[in-house]
Amino acid sequence: MLRTHLRENVLEVTPTRRNRVFIKVQNGSHRQAVKLFQDMGGHLSVISSVDLGEELELVYHFEITPLQVSLKTSAPRGNPRIETISDFYPSAAWYEREAMEMMGIIVVNHPDPRHLFLPDDYTEYPLRRY
Amino acid sequence: MDVVVQFGPQHLALAEPERLKVYAEGEKVINVDITMGYNHRGVEKLAERKTYEQDILLVERICGICSMSHPLAFTQAVEDIAGVTLPERAEYSRMIIAELERIHSHLLWAGIAAEIIGIETLFMYTWRDREFVLDQLETITGNRNHYAWNTVGGCRKDITEKQIPGLLTALEVVERRTEHYIDSFLRNRTIRARLVGTGTLPRDDARRLCTVGPLARASGYAVDVRKDDPHLAYDRVDFEKIVLDEEDNMARAKVRLLEVFESVKIIRQAVAALKGLKGKEIAVPVKEIPPGEGVGRYEAPRGEVFHYVRSNGTFYPERVKIRAPTYANVQAVPVMLEGDTLGDVPITLASIDPCFCCTDR
């Protein structure tokens, strides 16, 4: 269904065990997908951030009963700008704050881009690997 | 915006450091700003530097009370990557320990709530009865918490025949006592005055803010990973999802205490099932973890514990992401407190059963 909505913006769909699905979409079109998940009554579990080396990736974990869908999108390391989804899911704001301080992803249009866990004057990104 | 009251980082109502900046107009709460991170230990980073086996013991130490839930979720994620199917005996014995943990956590919560309300007697009684459960956990696993029960592919130890009678007796005691506590919570005037109608979280907000666990279920938002995403042997035992729609602090107390009975039910069925699986294996060997990613979820006493593990084919995980239930629930606290009086702040905050240690990791 997502394919019909987003067409060429869906890069990769990986179903794993049981009811887990991982979907990778182009940066920017993730908002369309999230909107679709919201209409389907999805529950946002958490947003993970992963350092892939060349790129930084955000993984949005949704529960759309009975499926567990993880939506991925990534941005180049030099300019890691990904737009916020906190207007669809208010609880995403905190997860995005964590991704910003820990992985150094720049979440565009974030309503409250303060540090969440780290001290305010901390400038490094501790979870970057490469 | 008249008054700003600081709750914490050190506060009598909280065992853990956390700061609430409460904006109030007279006695009425208008807004709350939450500052976290006093307990940040960098567990996610540390997990990348340890092997999978070591990580199980590491994530177990994120929280002293959910010390079964975190390793359960973590091992599930890793088992997903490795494509392992658990032996049935391991599923049931994992379930027994996890449900014992739920009982002791809910009784612990009832005690803390009673203490915050100011009824110390009830606090001491609930904690005394919690000891019965902890004693059983110690007999079976060797520890009151941090059970070291899980390994990738099964359990490290087995529940022996000798331990069963003691376990069943403890369940009976706990069941009888919990009936008494429900009675106390429902009938005591002081408790009712403090709990009924305070800390209201409407159903729509519970849904919008993606809350989990007893907080969501007390607001009529029926999420329970044990039912929604069946794993272990939860689809083979008979129990109910407790959902109430009263939305206030009292509903949360009721949900937790009623869940104790469901846990007792689950353990009894699991013990019966274990008898039929006598002498079966408790773990399958896992040789290697291939590259891939996995998601592990478990309904901890406080709500859904979420672990995301990405593997790169080595002995060390590429990334471990941990979301504790309080991380999702604490975002609902400003909504719950809005319009209440300052005196309700401690009990309303305690009503989500916060574990900031888990949240900060």
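The values are calculated or read from the model by the stated rules, or taken from the named source; none is laboratory data. None of these values were measured; they are calculated from a predicted model. Using ideal geometry, Cβ is built from the backbone for each residue, glycine included, and neighbour counts are taken over all protein chains shown.
What the table shows:
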read-out	value
Pick from region B:216-232, criterion aliphatic (A, V, I, L, M) and either touching a Ser or Thr at 6+ places or on another chain (Cβ under 8 Å) or buried (at least 21 other Cβ atoms within 10 Å of the Cβ) (or both), ranking: farthest from B:ALA77 (Cα to Cα)	B:ALA218
Among the residues listed as A:ILE85, A:ILE47, the single one being at pLDDT 85 or above, assigned to a loop (DSSP other than H, G, I, E, B), under 23 Å from B:PRO334 (Cα atoms) and β-branched (Val, Ile, Thr)	A:ILE85
Single residue of B:ARG41, B:ARG49 found to be surrounded by fewer than 21 Cβ atoms within 10 Å (Cβ to Cβ), within 24 Å of B:ASN329 (Cα to Cα) and over 17 Å from the mean Cα position of the chain (by Cα)	B:ARG41
Boolean, B:ILE267 is more than 14 Å from every other protein chain (Cβ to nearest Cβ), closer than 30 Å to B:ASP353 by Cβ and modelled with pLDDT under 90	no
Verdict on A:HIS115 being of a type outside the set (Lys, Arg) and more than 14 Å from the chain's Cα centre (by Cα)	yes
Residues of region B:188-225 satisfying the condition of being among the charged types (D, E, K, R) and within 14 Å of chain A (Cβ to nearest Cβ)	B:ARG203, B:ASP204, B:ASP205, B:ARG207, B:ARG208, B:ARG217, B:ASP224
Matching option when the condition is within 10 Å of another protein chain (Cβ to nearest Cβ) and either among the aliphatic types (A, V, I, L, M) or surrounded by fewer than 22 Cβ atoms within 10 Å (Cβ to Cβ) (or both), among A:LEU127, A:LEU58	A:LEU127
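Every residue, every condition in (1) part of a loop (DSSP other than H, G, I, E, B); (2) of a type in the set (A, V, I, L, M, F, W, C); (3) within 30 Å of B:VAL335 (Cα to Cα), yes or no:
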| position | (1), (2), (3) |
| --- | --- |
| B:GLY111 | no, no, yes |
| B:PHE123 | no, yes, yes |
| B:ASN143 | yes, no, no |
| B:ASP158 | yes, no, no |
| B:VAL173 | no, yes, no |
| B:SER184 | no, no, yes |
| B:GLY199 | yes, no, yes |
| B:THR211 | yes, no, yes |
